[in-house]
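Novice: Here it is: the structure, laid out below.
The values are calculated or read from the model by the stated rules, or taken from the named source; none is laboratory data. Because the structure is a prediction, the values reported are computed rather than measured. Don't worry about glycine lacking a Cβ; one is built from the backbone with ideal geometry, like all the others, and counts go over all protein chains shown.
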Amino acid sequence: MKPPLDPQTTAFLFPGQGSQKLGMGRELAETYPAARQVFEQADAWLGFSLSRLAWEGPENELNDTVNTQPALLAHSAAALRVFNEKYPGFQPAAVAGHSMGELSALIAAGSLTYEAALRLARRRGELMKEAGQVTPGGMAAVLGADIPTLERICAEASTPTEVVQVANDNCPGQVVISGALGAIERATALAGAAGIRRVRPLAVSIPAHSPMMAHAQERFNQAVEAAGVQDPAIPIIGNVSAEPLASAEAVRADLRLQLTSRVRWTETIQALAAQGVTTFVELGSEAVLCGLLKRIDENLKGIAIGAPADFAKLEQPN
């Protein structure tokens, strides 16, 4: 079967934390044996029923980052495997993943095996959680502010012992900052003084994509080195550079830096659009990344695929 997509103008996207929900991937696994096998493999490799946790909860355990990250990856991998089974030989122009979604994208790019990516996602979650316990902090969403203004505010709010920085540039007008709680409070006050009224603390204790993740760095580097990263067979845009990662070493470098660096998502989508990509297929839970597309470039098309009905819609004539 041929999908109604032009591979030369199509990119695959993979979601990160915040896209999880109870029941994620269940319909896919009940409908397609290939998807069921993906979840069964995850259960076997991790030594517990990740599938039951993703499908039945409890929700607070699913939202624990040590479980969230591999669960999201398993759902994305299941959707990818079904897509590849239905449309063998289809190769997108490029792939990208938001934060831990980059691990899912590396499976699609042929740079990591599913097992290696799953184990790395689990280890990433464990180390990030530990780092958050050693150096607790937080994150806050800032709406309606531009990056240069926020960079200035974060620099002014930071001290040698309390740092805050831009963590996720999701789309114009939607940015997340991350760091020490005191620095976030100062940044919030400075934002208010600058006329930025919509700063919303996120319900997390892990200051992801900030220097406070440095506690996890050495052991995460070791996990990345042990993962068996290969040269990508499909271009992948890295989170840290927002540029194509052409070699295994470039992939490893991007993954290592990702813990403490900004997710340059707006720039990632802009880079793909500049290469001629007009259609973005988001594989996995929810449709968060599709929702960001129109705010980056209203001419871009997003298609979310995470359930059997999504494949049915994909195959319907326009």
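Novice: Among what's in region 176-202 and is outside any helix (DSSP H, G or I) and out of contact with any strand residue (DSSP E or B) (no Cβ under 9 Å at 6 or more places or on another chain), pick the residue that is nearest to Arg152 (Cα to Cα).
Specialist: Step one: of region 176-202, the residues outside any helix (DSSP H, G or I) are 176-180, 194-202.
So of that shortlist, the ones also out of contact with any strand residue (DSSP E or B) (no Cβ under 9 Å at 6 or more places or on another chain) come out as 194-195.
Numbers: Ala194: 11, Gly195: 14 Å.
Among residues in region 176-202 that are outside any helix (DSSP H, G or I) and out of contact with any strand residue (DSSP E or B) (no Cβ under 9 Å at 6 or more places or on another chain), the one nearest to Arg152 (Cα to Cα) is Ala194.
Novice: Can you tell which of Glu282, Glu286 is closer than 25 Å to Val166 by Cα, touching a residue at least 24 places away in the same chain (Cβ under 8 Å) and part of a strand (DSSP E or B)?
Specialist: When all the criteria are applied, what remains is Glu282.
Novice: Follow-up. Quick check: anything in region 64-79 among the charged types (D, E, K, R), in the same structural domain as Thr266 (by TED's automatic domain parsing) and under 23 Å from Leu245 (Cβ atoms)?
Specialist: So far as region 64-79 goes, no, none of its residues is among the charged types (D, E, K, R), in the same structural domain as Thr266 (by TED's automatic domain parsing) and under 23 Å from Leu245 (Cβ atoms).
Novice: Now a separate question. Which ones in region 199-244 are more than 23 Å from Ala141 (Cβ to Cβ) and without any contact (Cβ under 8 Å) to a residue 24 or more places away in the chain?
Specialist: Answer for region 199-244, where residues must be more than 23 Å from Ala141 (Cβ to Cβ) and without any contact (Cβ under 8 Å) to a residue 24 or more places away in the chain: Glu218, Gln222, Ala226, Ser241.
Novice: Taking the options Pro33, Pro15, Pro3, name whichever one is touching a Ser or Thr at 6+ places or on another chain (Cβ under 9 Å) and surrounded by fewer than 24 Cβ atoms within 10 Å (Cβ to Cβ).
Specialist: Testing whether each residue is touching a Ser or Thr at 6+ places or on another chain (Cβ under 9 Å) and surrounded by fewer than 24 Cβ atoms within 10 Å (Cβ to Cβ) leaves just Pro3.
Novice: Looking only at region 121-162, how many residues end up being in contact (Cβ under 8 Å) with a residue 40 or more places away in the chain, over 23 Å from the mean Cα position of the chain (by Cα) and surrounded by 18 or more Cβ atoms within 10 Å (Cβ to Cβ)?
Specialist: Residues flagged as in contact (Cβ under 8 Å) with a residue 40 or more places away in the chain, over 23 Å from the mean Cα position of the chain (by Cα) and surrounded by 18 or more Cβ atoms within 10 Å (Cβ to Cβ) within region 121-162 amount to 1.
Novice: Does at least one position in region 81-92 carry a residue that is out of contact with any Lys or Arg (no Cβ under 6 Å at 6 or more places or on another chain) and within 15 Å of Pro15 (Cα to Cα)?
Specialist: No, region 81-92 contains no residue that is out of contact with any Lys or Arg (no Cβ under 6 Å at 6 or more places or on another chain) and within 15 Å of Pro15 (Cα to Cα).
Novice: Also: If a residue must be farther than 13 Å from Leu106 by Cβ and of a type in the set (Val, Ile, Thr), how many such residues does region 221-267 contain?
Specialist: Residues in region 221-267 being farther than 13 Å from Leu106 by Cβ and of a type in the set (Val, Ile, Thr): 4 in total.
Novice: Which residues, taken from region 44-98, are in a helix (DSSP H, G or I) and among the small types (Gly, Ala, Ser)?
Specialist: Selection gives Ala44, Ser51, Ala54, Ala71, Ala74, Ser76, Ala77, Ala78, Ala79.
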